[in-house]
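One structure below.
Nothing in this text is a laboratory measurement; each read-out follows from the coordinates by a stated rule. Worth saying up front: this structure is predicted, and the values here are computed from it rather than measured. For neighbour counting, all protein chains shown are included, and Cβ atoms are generated from backbone atoms with ideal geometry for every residue, glycine included.
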Amino acid sequence: MTQQITLALSKGRIFDETLPLLAAAGIEVLEDPEKSRKLILPTSRPEVRVVLVRATDVPTYVQYGGADIGVAGKDSLIEHGGQGLFRPLDLGIAKCRVSVAVRADFDYAQAVRQGARLKVATKYTSIARDFFATKGVHVDMIKLYGSMELAPLTGLADAIVDLVSTGNTLKANHLVEVEQIMDISSHLVVNQAALKLKQAPLKRIIDAFASAVPQD
Ligand code: PRP
């Protein structure tokens with residue numbers, strides 16, 4: 001009996017940059033997620049399907065077995081906590097960084113002196129909390145789900161913690177990157193039970209991805 005494999009991906013850079021790795025595993029996604037409203041996409045291999053979920057939901061889908069395997073950013077993995085996930089491979093794709101950014105006219109050095117308080121808006125509350133705790137800065141955390149750049153511009157927060165890739169979004173909103181917290185890339189994550197029950201087909205995909213990951 002052929003075992004069904006469900007792969008969780010998010011639309012955008014992760015999807016686009018996973019396609020060559022899938023090709024190396026002999027898998028072609030048969031529909032373009034930018035053109036279709038479908039959330040389950042067939043592939044050239046009848047036993048493999050792709051489910052499209054929000055980037056932050058990939059670890060959750062794989063943890064609970066809604067998907068057997070997935071591609072998740074390190075940012076999403078840290079915020080999720082990583083429970084129930086086997087993480088065999090850093091894919092080296094969708095690279096960016098998590099940084100602190102403020103308005104150009106904001107005195108960040110003064111604001112983060114030991115014992116100070118800072119209002120921080122972010123989607124990445126775990127990463128931000130750990131980072132400022134290490135610096136000894138008290139943080140009033142404001143959880144947002146998107147458009148973080150607006151927070152310092154409207155007075156909602158002093159600083160944001162967000163993903164930066166080209167820096168264009170910060171520049172367009174007159175914000176400056178004042179600290180880089182960590183480098184981000186996407187990782188392959190596998191459901192721990194599926195790894196045992198569907199060992200052969202999953203191992204084939206993991207091995208093909210491993211031999212195709214971009215080298216620095
Ligand atoms: C991320 C991030 C920034 C932008 C940075 O958003 O939140 O807004 O990319 O990229 P840049 O430095 O190249 O301008 P993303 O497009 O991932 O969508 P999101 O707003 O849903 O997080």
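Observations on the structure shown:
- Residue 196 being free of Cβ contacts under 8 Å to residues at least 12 places away in the same chain and among the basic types (Lys, Arg): yes
- Pick from the range 153-176, criterion within 12 Å of the ligand (Cβ to nearest atom) and under 16 Å from residue 127 (Cα atoms), ranking: surrounded by the fewest Cβ atoms within 10 Å (Cβ to Cβ): 163
- Count of the range 1-26 residues which are part of a loop (DSSP other than H, G, I, E, B) and either in contact with a strand residue (DSSP E or B) (Cβ under 8 Å, 6 or more places away or on another chain) or away from the ligand (no atom under 16 Å from the Cβ) (or both): 8
- Members of the range 136-152 found to be surrounded by fewer than 14 Cβ atoms within 10 Å (Cβ to Cβ) and away from the ligand (no atom under 16 Å from the Cβ), listed by number: 136, 138, 140
- Residue in the range 105-121 that is basic (Lys, Arg) and either within 16 Å of the ligand (Cβ to nearest atom) or in contact with a Leu (Cβ under 7 Å, 6 or more places away or on another chain) (or both) present: no
- Unique residue being farther than 20 Å from residue 10 by Cβ and under 23 Å from the mean Cα position of the chain (by Cα) when the list is 184, 142, 206, 127: 142
- Residue, farthest from the chain's Cα centre (by Cα), within the range 27-70, restricted to residues that are crowded, with 18+ Cβ neighbours inside 10 Å, more than 14 Å from residue 15 (Cα to Cα) and away from the ligand (no atom under 16 Å from the Cβ): 48
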